[in-house]
Amino acid sequence: MSKYLSKLTSPLIAVILGLVVGAIIMLVSGYDPVAGYGSMVNGIIGDSYYVGESVRTIIPYILAGLAVAFAFRTGLFNIGVEGQLIVGWLAAVWVGIAFDLPRIIHLPFAILAGAAAGALWAFIPGYLKAKFRVHEVIVSIMLNYTALYVTNYLIRNVMTDKLDKTERIADTASLRSPFFESITDFSRMHWGIVVAIICVIIMWFLLERTKTGFELKAVGFNQHASEYAGMSVNKNIILSMVISGAFAGLAGAMEGLGTFGYAAVKGGFTGMGFDGIAVALLGANTAIGVVLAALLFGGLKAGALNMPLETGIPSEIVDIVIALIIFFVASSYFIRWIATRFKKGVK
């Protein structure tokens, strides 16, 4: 129990410090931090609509965080989650538009298409890493831009006639939920939350309870020892990136099939894939940690939209708070050292 509590200490302190420094910045800028944070909390849980929108925002953060965390746990840095998310989004929407199938077939098909597209996009850096030892960070960064511009081209020239967004997906491929809408005052909360929870369980079970998960972690920890023990290093590197990419593709599918119902030309990155790195770091690369970190990040993002309306504080303040939290997480060694010295002083 104490081991788990010690793991929570650094992220918790990082969050508190981020909020405190954010409050100081508000004061220096002439804003009331109490009113600011109050309006943010109100924008998260102030009424049923805000709760629904907060949950809807959290869904892709969970999946993007799982994608990054899974790669981290297996010794890889998948910085290409953003690109995998974008191609997963488009693939899911394409299936949602192109096929006329019963809902029981169409919806799972569209979701799996998003996962498959993300997995395929992640296969490229995984294969190059395994076969030629090309660093996955370099390849996946470049593939982010490739994904952005290729999907924009396909939307404009293949899926539409020079338009900036596709048709809406068929109702049979939609994750929209009349039930969730009715209890959250017609927010965009959808069934993607169930998909996200299932993926959290899958990641935990795969890494902690299966032989495959043990091999993936072993290869990430020490490739030479794993090879000596008879494990296929190259196969496990590729498999790790493919699974990570599948989670990222699902994050995009949740946006395409649940929140928006279409794919649009993007002027830039969504940012969710990059935020997934912060979610994974704050969650200590564990399944439950990712959920808790996604709750925080998704809540901050959703609540930030209410700050300019109630207090006039720009929502960019929340981006600063998030950046500070990431900074303090990265400084976790120093935080642990301070905490240890404090405990010794108390004794």
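Here are some notes:
- Tally of residues being in a loop (DSSP other than H, G, I, E, B) and either open to solvent by less than 10 Å² (accessible area, probe 1.4 Å) or hydrophobic (A, V, I, L, M, F, W, C) (or both) across region 203-230: 1
- Residues of region 104-138 that are crowded, with 19+ Cβ neighbours inside 10 Å and not hydrophobic (A, V, I, L, M, F, W, C): HIS106, GLY114, GLY118, PRO125, GLY126, LYS129, GLU136.
- Subset of region 166-185 (residues that are in contact with a helix residue (DSSP H, G or I) (Cβ under 7 Å, 6 or more places away or on another chain) and either among the small types (Gly, Ala, Ser) or over 28 Å from ALA293 (Cβ atoms) (or both)): THR166, GLU167, ILE169, ALA170, THR172, ALA173, SER174
- Any hit, region 256-268, residues being open to solvent by 20 Å² or more (accessible area, probe 1.4 Å) and under 17 Å from VAL81 (Cα atoms): yes
- Single residue of LEU63, LEU101, LEU17, LEU90 found to be surrounded by fewer than 19 Cβ atoms within 10 Å (Cβ to Cβ), among the aliphatic types (A, V, I, L, M), closer than 19 Å to VAL195 by Cβ and touching a residue at least 24 places away in the same chain (Cβ under 8 Å): LEU101
- Residue tally, condition surrounded by 20 or more Cβ atoms within 10 Å (Cβ to Cβ) and in a helix (DSSP H, G or I), over region 300-321: 9
- Consider region 139-175 and keep the residues that are polar (S, T, N, Q) and part of a helix (DSSP H, G or I). The one that is surrounded by the fewest Cβ atoms within 10 Å (Cβ to Cβ) is ASN157.
- Within region 65-87, the set of residues being closer than 11 Å to GLY273 by Cβ and either in contact with an Asp or Glu (Cβ under 7 Å, 6 or more places away or on another chain) or not β-branched (Val, Ile, Thr) (or both) comprises GLY65, ALA67, ASN78, GLY80, GLU82, GLY83, GLN84, LEU85.
- Residue pairs meeting the criteria (Cβ under 8 Å; at least 6 apart or on separate chains; first touching a residue at least 40 places away in the same chain (Cβ under 8 Å), in region 246-260; second aromatic (Phe, Trp, Tyr) and outside any helix (DSSP H, G or I)): GLY256/TYR262; GLY258/TRP191
- Residues in region 66-87 that are assigned to a loop (DSSP other than H, G, I, E, B) and surrounded by 24 or more Cβ atoms within 10 Å (Cβ to Cβ): THR74, LEU76, ASN78, GLY80.
- Restricting VAL194, VAL200 to those that are without any contact (Cβ under 8 Å) to a residue 60 or more places away in the chain, among the aliphatic types (A, V, I, L, M) and assigned to a helix (DSSP H, G or I) reduces the list to VAL194.
- Matching residues, region 231-246, being over 23 Å from the mean Cα position of the chain (by Cα) and open to solvent by 30 Å² or more (accessible area, probe 1.4 Å): MET231, SER232, ASN234, LYS235
- Which numbered condition PHE297 misses (of (1) at pLDDT below 90; (2) open to solvent by less than 60 Å² (accessible area, probe 1.4 Å); (3) part of a helix (DSSP H, G or I)): (1)
- ALA280 being within 25 Å of THR9 (Cβ to Cβ) and open to solvent by less than 10 Å² (accessible area, probe 1.4 Å): yes
The values are calculated or read from the model by the stated rules, or taken from the named source; none is laboratory data. Keep in mind it's a predicted model, so treat the numbers as computed, not measured. Because the Cβ atoms are built from the backbone with ideal geometry, glycine has one as well, and the counts that use them run over all protein chains shown. What goes into the accessible areas is simple: the full protein's heavy atoms, side chains included, and nothing from ligands, DNA or RNA. Shrake-Rupley method; radii C 1.70, N 1.55, O 1.52, S 1.80 Å.
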